[in-house]
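*Asks:* Have a look at this one.
Please treat every number below as a calculation from the coordinates, not as lab data. Treat the numbers as computed from the prediction; the structure is a model and nothing was measured. FYI the Cβ positions are ideal-geometry reconstructions off the backbone, even for glycines, and counts take in every protein chain you see.
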Amino acid sequence: MTKINQEKEWSDDKRWNPFNSYKLLSQTYRWRLIQRGGQIPQPVLVTIDPVNACDLNCHWCNSSQILEQSKNILSRKALLGIADFLPTWKSNDHWEKGVESICIAGGGEPLLNPYIGEFIDQCVGNGIHVGVVTNGTHVDKFIPSLAKCTWVGVSLDAGEPKTFQNIKGKDKFEGILNNMKALIEYSRSNKTVLSLPGQGYGVSYKYLLHPDNMAEVFTAAQIAKSIGCRNFHLRPAGIPWHRIGESDSFFSDDTLALASLKEQLSRARDLENKNFGVFGITHKFDRSLNASNHFYQCHAIFMTAVFMPASNGNENSFNLGLCCDRRGDSALLLGEDLTSPKNILSLWGGKHHWGIFDKIDIPRCPRCTYQPHNQLFEKVILEDNMTYRFI
């Protein structure tokens, strides 16, 4: 049976890239302070969900449960309050800096929040590095602010308009490409942060792999390079958390399909140059593209957090979740309907936080974004298999 070669997720000369989970080792000295009863360090990165709403209908949406329940939003007041709080969040005396970076994503499409440009501006002004994951339909409304970000990932997930419409329910493919081109050109012309030369900067063409788009990987990579994207970023789609048990995977052991994917990725890497890279990220999956959560407990809930709209509909308050893969799961909420970011200080690392940790059932989790975080904690910090104090 054909399997995907996980050792060749990227070319040898592009090993040091933003998708390489070895970068987590740089946080070892922060994360080794995670101990029950201790003073848990604040996250180096948090996720911000500015709105629970979306203008597309992706087959694999991991936020569909939230979107069906409500269309809540974070107000301008709430967003700017979070932006000012993050650099001051210091939960441990060892760390002078607060939160250093944010990923703006969402239980939906983040750029549907009309205040997102101001939020980005405020975060950047406060010294916070910003990344954005968007479906691209509203990029044109926030180009000056998006150009201040470290990276912007646009989830196109197709190589042709017909396929895009089939898997997302709208005819928006060409419009999104035009938005991406406009952002790339603006960033280059104005020499903004987004245009800096590092592999992790710039606009990424994101491709969430699904049986319905497996045949267009090479085509999409060609488009990505032609419009000036820095990265083409592919990873397999996973079953959402609330559908675990209905099905184990979107993928079957289709030898021909997997062989075609491997061949397309190989061809796509022939397009690479110093300004364009192709990354087929599979290390969080097994060789048949199924979830592969090889760890025992989820220490990642002490490493990051998710700010999201409040469940009570109050736009000036927010919920604090602990897992971006389980948005909408009340069991992973550290705080609900919080009226001030400072409320977090009494919750982070407290009894309730550890209570959530004790109750997480790993087999009930979907493909885990934080699998490498948890493996690092167990294998490097707890077991010290790498004797990380030696260089």
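*Asks:* Any lysines with Cα under 20 Å of the K90 Cα? List them, leaving off those in the same chain fewer than 8 positions away.
*Replies:* K342, K351
*Asks:* How would you order 82-91, 198-207 from highest to lowest mean count of nearby Cβ atoms within 10 Å? Before the final figure, lay out each step's value.
*Replies:* Numbers: 82-91: 18.6, 198-207: 22.9.
So the order, starting with the most tightly packed, is 198-207, 82-91.
*Asks:* Let me ask you something else. Just to confirm my numbers, what's the Cα centroid distance between the stretch 25-74 and the stretch 211-243 in Å?
*Replies:* 22
*Asks:* Relative contact order of the stretch 61-210, please, whole-number percent, based on alpha carbon pairs below 8 angstrom and at least 6 residues apart.
*Replies:* Reported as a whole number, the value is 19 percent.
*Asks:* For L333, enumerate residues with amide H under 5 Å from its amide H, sequence gap 5+ or separate chain, H modeled in the peptide plane.
*Replies:* none
*Asks:* Another question, then. How about the stretch 292-391: which trypsin sites (Lys or Arg not before Pro) there are in a DSSP loop, with at most 11 other Cβ atoms within 10 Å of their Cβ?
*Replies:* Numbers: sites: R326, R327, K342, K351, K359, R364, R367, K379, R389; in loops: R327, R367, R389.
Hits after loop and neighbour filter: R389.
*Asks:* Can you give me the P(r) profile for the chain? Cα pairs, bins 20 angstrom wide beginning at 0, each as a whole percent.
*Replies:* Calculated P(r), rounded to whole percents: 28, 62, 10.
*Asks:* A further question on this structure: Take the chain, mark every one of the GluC sites (Glu not before Pro) that falls in a DSSP loop and has at most 10 other Cβ within 10 Å, then report the longest stretch left between them, sites excluded. The partial results should precede the final answer.
*Replies:* Values: sites that count: E96, E246, E383.
After excluding every exposed loop site, the longest remaining stretch is 97-245.
*Asks:* Still on this model: So what J values fall out for the stretch 305-317 if you push phi through Karplus, 6.51 cos²θ - 1.76 cosθ + 1.60 with θ = phi - 60°, rounded to Hz, Gly and Pro as x?
*Replies:* Here the 3J(HN,Hα) series is 7, 10, 8, 9, x, 5, 6, 8, x, 6, 5, 8, 10 Hz.
*Asks:* Would you pull out the residues with amide H under 5 Å of G277's amide H, same chain only if 5 or more places away, H placed 1.01 Å from N?
*Replies:* N231, F232
*Asks:* Explain nothing, just the number: relative contact order of the chain, from Cα pairs under 8 Å at least 6 residues apart, as a whole percent.
*Replies:* Working: 776 pairs, mean separation 80.2, N = 391.
Here the relative contact order equals 21 percent.
*Asks:* Under the Karplus relation 6.51 cos²θ - 1.76 cosθ + 1.60, θ = phi - 60°, what is the ordered set of whole-Hz ³J(HN,Hα) values for the stretch 80-95, x standing for Gly and Pro?
*Replies:* Once rounded to whole Hz, the list reads 5, x, 5, 4, 7, 6, 3, x, 9, 6, 10, 8, 9, 5, 6, 10.
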